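Presented below is the structure to which this report refers.
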Amino acid sequence: MLDPNFLRQNTEAVASNLARRGHHFDLESYAAIEKQRKQLQVETESLQSRRNTLAKAIGQGKSQGDNVDDLLAESAEVGESLKQKSAALEGLQSELEALLLNTPNLVADAVPDGLEEADNVVIREVGERPGLGFEARDHVELGAMHAGMDFEAAARMSGARFVVLRGSMARLHRALAQFMLDTHVNQHGYEEANVPFMVLPQAMQGTGQLPKFADEAFEIQGEHARFLIPTAEVPLTNLVADQIIDAGELPLKWVAHTPCFRSEAGAYGKDTRGMIRQHQFEKVELVQIARPDQSQEAFEQLTSHAEAILQALKLPYRVVALCAGDLGFSAQQTYDLEVWLPSQKTHREISSCSHFGDFQARRMKARWRNPETNKPELLHTINGSGLAVGRTLVAVLENYQQRDGSIVVPEVLQAYLGGQTVLSVNV
RNA sequence: GGAGAGAUGCCGGAGUGGUCGAACGGGCUCGCCUGGAAAGUGAGUGUGCGGUUUAUCCCGUACCGAGGGUUCGAAUCCCUCUCUCUCCGCCA
């Protein structure tokens with residue numbers, strides 16, 4: 001959520017910033033609502049003030065045996081008009097809140113201009129593409145050769161966009177997740193967390209998935225509304241919701257391995273083949289909660305932590321700075337990490353690292369106590385995939401495939417597979 | 001699933017209709033004391049929103065788990081919900 005105060009005082013600057021990402025902020029209707037709100041709030045509060053004064057006087061008068069009929073009469077009048085004013089005010093305030101909840105974050109200055117994917121800027125390219133010397137098979141084909149990916153069985157029980165992994169594919173998938181967790185915990189100083197996979201609507205609102213993107217998440221039927229998490233960002237970031245964190249504890253660095261559930265509404269016909277876009281996938285997620293003056297550095301650092309996994313796996317990738325129009329709703333700045341897929345002869349997103357500034361923190365009421373002011377101030381939140389496990393599996397299979405379809409096990413994973421160095425087709 | 005108890009400020013814990021933003025204790029901050037420290041001692045110590053100012057100050061308002069109600073007036077009374085704890089049952 002944007003700072004309402006800042007918005008009030010810099011409305012046009014906000015509107016032109018949001019225009020960078022292609023969001024139209026309706027200046028006129030905002031100004032109209034805001035003007036009414038101000039007037040109504042002043043009126044309401046002065047009525048409340050009058051009511052409090054009267055109530056006090058009535059109490060005192062009664063205790064002294066005075067006649068308080070006049071005061072009671074006025075109080076009844078005040079109560080009546082207060083009822084109307086406050087109802088009107090409430091309506092306006094929720095209108096304003098709805099507007100704010102549906103307004104995306106401001107775009108950081110460093111973000112490149114542009115409205116489409118084509119305007120994204122490649123910042124660096126790392127690693128060497130494998131010289132296979134033969135036509136690359138895609139992961140679906142490789143999975144089939146290893147009898148390790150059963151899309152049909154998954155479809156029978158769960159419908160489209162699911163997969164059953166078996167044997168070496170399941171084990172390789174698990175090894176990847178374990179390796180990522182261990183690396184972030186042991187090398188990068190993150191605390192491992194195991195979190196709920198279902199959350200209440202307010203948690204989804206805190207990180208920005210609600211109210212605007214309800215149709216992209218799975219909602220649980222039941223007594224209470226709950227959502228399957230679309231990413232561990234939601235439970236991890238919400239760890240600081242409604243909290244005031246001591247300065248000494250910052251930055252908080254969390255990592256969690258969770259399933260992620262996405263309805264992929266609006267993605268019909270896109271990536272229908274294979275494991276690239278599923279309703280359920282696994283991800284190792286990094287989250288940092290930082291003080292504002294250190295958040296930019298934390299963002300760059302977190303990105304490098306995600307990159308470290310790709311580097312350790314010796315997967316070729318590139319870092320892309322998303323242009324303003326391609327930024328997610330809550331993000332002020334985002335780097336995507338895209339891994340090279342030989343079968344598609346292109347880079348595909350395998351991680352997205354974003355800086356949210358205080359946008360999520362304001363929604364969550366996540367604050368820290370600034371020792372300089374001794375006041376609670378909003379935190380900054382940062383997160384990124386480190387990495388998407390399913391897509392990493394795809395990348396490993398495709399980049400490490402041999403002519404006969406066997407897969408060389410990346411060195412760092414061998415310990416997780418009992419020392420195995422190759423996954424052969426005929427086993 | 002059944003029975004009961006509870007939810008108050010950074011923490012503990014009072015408060016059962018008015019002068020309660022909330023006693024008291026602890027903690028913390030700033031002083032005093034001291035060669036320094038402990039002990040002692042004095043003062044201070046919530047947040048959101050709005051107005052004003054915009055560096056503060058100040059004023060108003062709201063907040064005692066959440067939402068609704070009764071009342072001139074609610075932390076205090078009533079209703080609903082959520083969460084926590086204890087006992088029983090069930091269960092991975």
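The values are calculated or read from the model by the stated rules, or taken from the named source; none is laboratory data. From a predicted model like this one, the values you see are computed outputs, not experimental measurements. Neighbour counts run over all protein chains shown; Cβ positions are idealised from the backbone, glycine included. Just the protein is used for accessible areas: all its heavy atoms, side chains included, with ligands, DNA and RNA removed. Shrake-Rupley method; radii C 1.70, N 1.55, O 1.52, S 1.80 Å.
Observations on the structure shown:
- Lysines whose Cα lies under 16 Å from that of A:K85, excluding same-chain neighbours fewer than 8 positions away: A:K35, A:K38
- Whether segment A:205-342 is rounded, prolate or oblate, judged on the alpha carbon gyration tensor where a/c under 1.5 counts as rounded: oblate
- Per-residue ³J(HN,Hα) for segment A:63-74, Karplus 6.51 cos²θ - 1.76 cosθ + 1.60, θ = phi - 60°, Hz, x for Gly and Pro: 5, 9, x, 6, 7, 10, 4, 4, 5, 4, 5, 5
- The Cα atoms of chain A cover 100, 44, 44 Å along the three principal axes, with the biggest extent listed first.
- Residues whose amide H comes within less than 5 Å of that of A:E192, counting only those at least five positions distant or on another chain, are A:V255 (H built at 1.01 Å from N in the peptide plane).
- Under the simplified labelling scheme, the A:E74-A:I33 pair shows an inter-label distance of 3.7 nm, with each label point 7 Å from Cα along Cα→Cβ.
- Note on segment A:1-106: with charges restricted to the Cβ of Lys and Arg (+1) and Asp and Glu (-1), its dipole about the Cα centre is near 340 debye.
- Against chain A, whose longest principal axis is taken from its Cα atoms, helix A:11-20 shows a tilt of about 20°.
- Computed from Cα atoms, the angle from the helix A:295-312 axis to the main principal axis of chain A rounds to 20 degrees.
- Helix-only mean residue ellipticity at 222 nm for chain A, each DSSP H run of n ≥ 4 adding -39500 (n - 2.57), per residue, nearest 500: -13000 deg cm²/dmol
- Chain A, accessible surface, carbon-and-sulfur percent (1.4 angstrom probe): 47 percent
- Most fluctuating residue given options A:R226, A:R50, A:R362, as computed from a GNM of chain A linking Cα atoms under 10 Å: A:R50
- In terms of accessible area, using a 1.4 Å probe and ignoring ligands and nucleic acids, A:H146, A:H24 rank largest first as A:H24, A:H146.
- Using a simple spin-label model with pseudo-atoms 7 Å out from Cα toward Cβ, A:R50 and A:E95 lie 2.4 nm apart.
- Once C-alpha pairs closer than 8 Å and six or more residues apart are averaged by separation and normalised to the residue number of chain A, the relative contact order reads 20 percent.
- Placed amide H near A:T231: partners under 5 Å, 5+ positions off or other chain: A:F261
- Here's how it looks for A:F218: its modeled amide H is under 5 Å from those of A:L228, A:S263, which are all 5 or more places away or on a different chain.
- Overall form of segment A:298-358 per C-alpha gyration tensor (a/c, 1.5; a/b vs b/c): oblate
- Largest first and in whole Å, the equivalent-ellipsoid semi-axes of segment A:26-101 read 36, 9, 9, each the square root of five times a Cα gyration tensor eigenvalue.
- The smallest convex shape that holds all Cα atoms of segment A:274-419, its convex hull, gives 142 Å³ per residue.
- For segment A:233-295, the square roots a ≥ b ≥ c of the C-alpha gyration tensor eigenvalues yield an a/c of 1.5 or more together with a/b exceeding b/c, which makes the shape prolate.
- Computed E for A:R277/A:E249 - FRET, C-beta separation, R0 35 angstrom, nearest 0.05: 0.40
- Estimated FRET transfer efficiency (A:T11, A:A147; beta-carbon r; R0 51 Å; 0.05): 0.25
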